[in-house]
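The values are calculated or read from the model by the stated rules, or taken from the named source; none is laboratory data. Keep in mind that this is a model prediction, so the values were computed, not measured. Ideal geometry is used to build each Cβ from the backbone, glycine not excepted, and the neighbour counts take in all protein chains shown.
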Amino acid sequence: METAEIARRFLAFFEKNEHTAVPSASLVADDPTLLFVPAGMVPFKPYFLGQRTPPYDRAASVQKCIRTIDIEEVGKTSRHATFFQMLGNFSFGDYFKEKAIPLAWRLMTAPVSEGGFGIDPERLWVTVYLDDDEAARIWRDEVGVPADRIQRFGVEENYWSMGVPGPCGPCSEIFYDRGPEYGAEGGPAADEDRYVEVWNLVFMQYERGEGGTKKDYPILGDLPKQNIDTGMGLERLATVLQGVDNIYETDTLGRILQDAAERTGVAYGDDERSDVMLRVVADHVRSATMLVSDGVRPGNEKGGYVLRRILRRSIRNLRLLSGSDAAYLHGLTETAITAMEGIYPELRTDADRIHEVIETEEKHFSDTLRSGTALFSRAAERTLSSGSAQISGADAFQLHDTYGFPIDLTLEMAAEQGLGVDESTFRTLMEEQRETAKRDAKAKKLGNADISLYGRLLESAGSTDFLGYTDHESESRVL
Ligand code: ATP
Ligand code: MG
Ligand code: MG
Ligand code: MG
């Protein structure tokens with residue numbers, strides 16, 4: 001079943017069950033606590049919190065999502081992408097667990113000829129929150145899931161919040177057993193690669209306050225109503241229904257991956273290391289295409305920095321794969337647009353602009369690499385011949401200062417040679433430079449500084465600021 005058909009079928013099922021189909025919101029979150037939308041519930045947050053009255057009490061959507069927190073997993077696990085689509089059904093104070101659970105089960109297991117996904121119920125496992133006896137009872141007694149395929153987990157797995165203040169609640173998840181060739185028996189508790197998490201049903205009933213950790217955060221109290229928020233990864237469901245090994249081999253991502261393999265002359269499936277790189281390229285090119293389509297432009301801050309980082313990572317991987325510095329992004333972006341335009345026709349109408357933004361960044365980064373790579377190689381050789389395992393902070397600083405090499409690029413290139421970087425000295429040097437810039441700015445105010453120097457310093461300091469950002473798990477991280 002093609003991805004577009006899976007999405008269509010999901011919405012049709014919930015429309016038949018009196019849900020209003022709501023189009024995806026932009027990836028750029030209309031929410032000061034988030035850079036990008038990480039989950040389908042985000043556009044509905046004010047309804048859960050009782051801040052706004054929903055125009056419907058049941059909705060369903062296919063929401064575009066970005067999770068930068070998963071970037072390191074991309075290509076390595078079978079199931080994480082930076083851009084993915086979340087299928088969701090929502091109840092705003094209407095039905096609760098007693099209906100959400102059987103509905104989800106029906107859609108998953110009903111025959112394809114009856115509008116379902118036709119999944120063999122023997123393959124499905126479910127989890128519930130530790131003390132959620134009610135959910136466990138519904139799964140067992142109403143739905144008929146054998147007790148030994150219902151597992152209980154704690155806060156970390158089965159209590160959902162966005163990681164920031166907002167609605168939260170216990171959840172119950174559906175897992176698909178890919179079979180013994182993928183790992184040990186024993187349900188999701190035993191092996192997360194064999195038992196793939198597909199669908200999360202969240203029983204939104206509390207409000208999370210400020211602070212705390214993922215395991216231990218303040219609950220402010222009950223939400224005005226009991227709600228349902230579910231999220232199922234479209235790419236993960238496609239992996240199951242298309243019988244492929246991982247999300248990168250499904251019809252949409254697989255198309256971009258194959259194109260990347262052909263263009264770089266690397267066969268997919270020959271070697272794990274290049275397979276990971278091909279998956280990263282497929283994922284990142286698609287994410288970049290979707291982000292640019294939603295108005296994000298590469299830059300040095302916030303969302304723009306995330307996009308820049310994603311694009312640069314794809315370019316680096318393409319170069320490593322092909323052994324050439326040819327420009328590949330136009331062709332690959334075109335393939336991403338073709339793969340995705342069935343669901344997002346605006347990609348085609350906006351294609352010229354999308355290409356323009358991505359190619360400009362490719363050119364820009366290409367220039368950076370051209371000028372800095374020789375210096376980097378000398379620094380790496382010096383490091384190796386001195387018997388050290390760390391490129392000096394001074395070299396990293398010079399790469400940044402003279403050639404605009406972001407520290408993460410230096411780190412990545414060093415790691416490829418089995419080297420580290422003396423980041424602490426690098427940071428000290430950056431800090432000193434910032435202090436100088438600040439002093440000069442102050443002096444400028446007093447009327448006795450060379451203004452052009454200040455401008456230059458700020459420019460270079462600004463180009464590699466490490467930027468934390470908030471995501472659904474509220475971990476401030478660096479890409
Ligand atoms: P995982 O444990 O596999 O990282 P999660 O528990 O973080 O997933 P949820 O926050 O419960 O995911 O999101 C709901 C659903 O969205 C998941 O069950 C999964 O199907 C899908 N999903 C989550 N993260 C990703 C991702 N990075 N790429 C593709 N699909 C995802
Ligand atoms: Mg996750
Ligand atoms: Mg999980
Ligand atoms: Mg989950």
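Filtered by the rule that a residue be over 19 Å from Tyr95 (Cβ atoms) and not in a helix (DSSP H, G or I), region 130-146 gives Leu130, Asp131, Gly144, Val145, Pro146.
A count restricted to region 256-274 and to residues that are touching a residue at least 40 places away in the same chain (Cβ under 8 Å) and surrounded by fewer than 17 Cβ atoms within 10 Å (Cβ to Cβ) stands at 1.
Residue-wise test of (1) away from ligand 2 (no atom under 16 Å from the Cβ); (2) in contact with a helix residue (DSSP H, G or I) (Cβ under 6 Å, 6 or more places away or on another chain); (3) at pLDDT 95 or above; (4) under 15 Å from Lys16 (Cα atoms).
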position: His80; (1), (2), (3), (4): no, yes, yes, no
position: Asn89; (1), (2), (3), (4): yes, yes, yes, yes
position: Asp94; (1), (2), (3), (4): yes, no, yes, no
position: Ile101; (1), (2), (3), (4): yes, yes, yes, no
position: Ala104; (1), (2), (3), (4): yes, no, yes, yes
position: Glu114; (1), (2), (3), (4): yes, no, yes, yes
position: Gly118; (1), (2), (3), (4): yes, yes, yes, no
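Within the bounds of region 212-223, is there any residue that is away from ligand 2 (no atom under 15 Å from the Cβ), part of a strand (DSSP E or B) and crowded, with 18+ Cβ neighbours inside 10 Å? Looking through region 212-223, at least one residue is away from ligand 2 (no atom under 15 Å from the Cβ), part of a strand (DSSP E or B) and crowded, with 18+ Cβ neighbours inside 10 Å.
Among the candidates Thr410, Thr402, Thr368, which residue alone is under 24 Å from Arg319 (Cα atoms) and surrounded by fewer than 16 Cβ atoms within 10 Å (Cβ to Cβ)?
Details: Thr410 fails: surrounded by fewer than 16 Cβ atoms within 10 Å (Cβ to Cβ); Thr368 fails: surrounded by fewer than 16 Cβ atoms within 10 Å (Cβ to Cβ).
Matching residue, one of Thr410, Thr402, Thr368: Thr402.
The residues of region 174-188 that are in contact (Cβ under 8 Å) with a residue 60 or more places away in the chain and assigned to a strand (DSSP E or B), listed by number, are Ile174, Tyr176.
Condition check for Ala336 on (1) under 19 Å from Gly265 (Cα atoms); (2) modelled with pLDDT of 95 or more; (3) surrounded by fewer than 21 Cβ atoms within 10 Å (Cβ to Cβ): one failure, at (3). For region 286-395, the helices (runs of 4 or more DSSP H) that sit wholly inside it and include 3 or more residues that are out of contact with any Phe, Trp or Tyr (no Cβ under 9 Å at 6 or more places or on another chain) and closer than 25 Å to Ile69 by Cα are 302-322, 329-340, 351-385. For region 173-197, residues that are surrounded by 17 or more Cβ atoms within 10 Å (Cβ to Cβ) and within 13 Å of ligand 4 (Cβ to nearest atom) total 7.
Among the residues making up region 148-159, those that are touching a Phe, Trp or Tyr at 6+ places or on another chain (Cβ under 9 Å) and either not assigned by TED's automatic domain parsing to the domain that holds Val198 or not polar (S, T, N, Q) (or both) are Arg149, Ile150, Arg152, Phe153, Gly154, Val155, Glu157, Tyr159. Pull up region 301-312, narrow it to residues that are touching a residue at least 60 places away in the same chain (Cβ under 8 Å) and under 27 Å from Ala267 (Cα atoms), then point me to the one that is surrounded by the fewest Cβ atoms within 10 Å (Cβ to Cβ). The residue in question is Arg309.
Considering only region 72-97, how many residues are within 16 Å of ligand 4 (Cβ to nearest atom), assigned to a strand (DSSP E or B) and within 30 Å of Glu272 (Cα to Cα)? Number satisfying all stated conditions: 3.
Conditions tested, residue by residue: (1) closer than 17 Å to Leu201 by Cβ; (2) more than 16 Å from ligand 2 (Cβ to nearest atom); (3) surrounded by fewer than 15 Cβ atoms within 10 Å (Cβ to Cβ); (4) in the same structural domain as Gly233 (by TED's automatic domain parsing).
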{"position": "Lys97", "(1), (2), (3), (4)": "yes, yes, no, yes"}
{"position": "Leu107", "(1), (2), (3), (4)": "yes, yes, no, yes"}
{"position": "Asp132", "(1), (2), (3), (4)": "yes, yes, no, yes"}
{"position": "Trp139", "(1), (2), (3), (4)": "yes, yes, no, yes"}
{"position": "Glu142", "(1), (2), (3), (4)": "yes, yes, yes, yes"}
{"position": "Val164", "(1), (2), (3), (4)": "no, no, no, yes"}
{"position": "Cys171", "(1), (2), (3), (4)": "yes, no, no, yes"}
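Flag not set for Asp251, criterion: closer than 21 Å to Gln63 by Cβ, crowded, with 17+ Cβ neighbours inside 10 Å, within 16 Å of ligand 3 (Cβ to nearest atom) and under 23 Å from the mean Cα position of the chain (by Cα). Within region 98-126, the set of residues being outside any helix (DSSP H, G or I) and under 21 Å from Asn246 (Cα atoms) comprises Phe117, Gly118, Ile119, Asp120, Leu124, Trp125, Val126. Filtered by the rule that a residue be part of a loop (DSSP other than H, G, I, E, B) and within 16 Å of ligand 4 (Cβ to nearest atom), region 38-71 gives Pro38, Ala39, Gly40, Met41, Arg67. Would you pick out the residues in region 194-211 that are farther than 21 Å from Gly93 by Cβ and either among the hydrophobic types (A, V, I, L, M, F, W, C) or within 16 Å of ligand 2 (Cβ to nearest atom) (or both)? Those that are farther than 21 Å from Gly93 by Cβ and either among the hydrophobic types (A, V, I, L, M, F, W, C) or within 16 Å of ligand 2 (Cβ to nearest atom) (or both): Tyr195, Val196, Glu197, Val198, Trp199. Residue-level analysis places Val164 outside the set of residues that are more than 16 Å from ligand 3 (Cβ to nearest atom), among the hydrophobic types (A, V, I, L, M, F, W, C) and under 19 Å from Ala100 (Cβ atoms).
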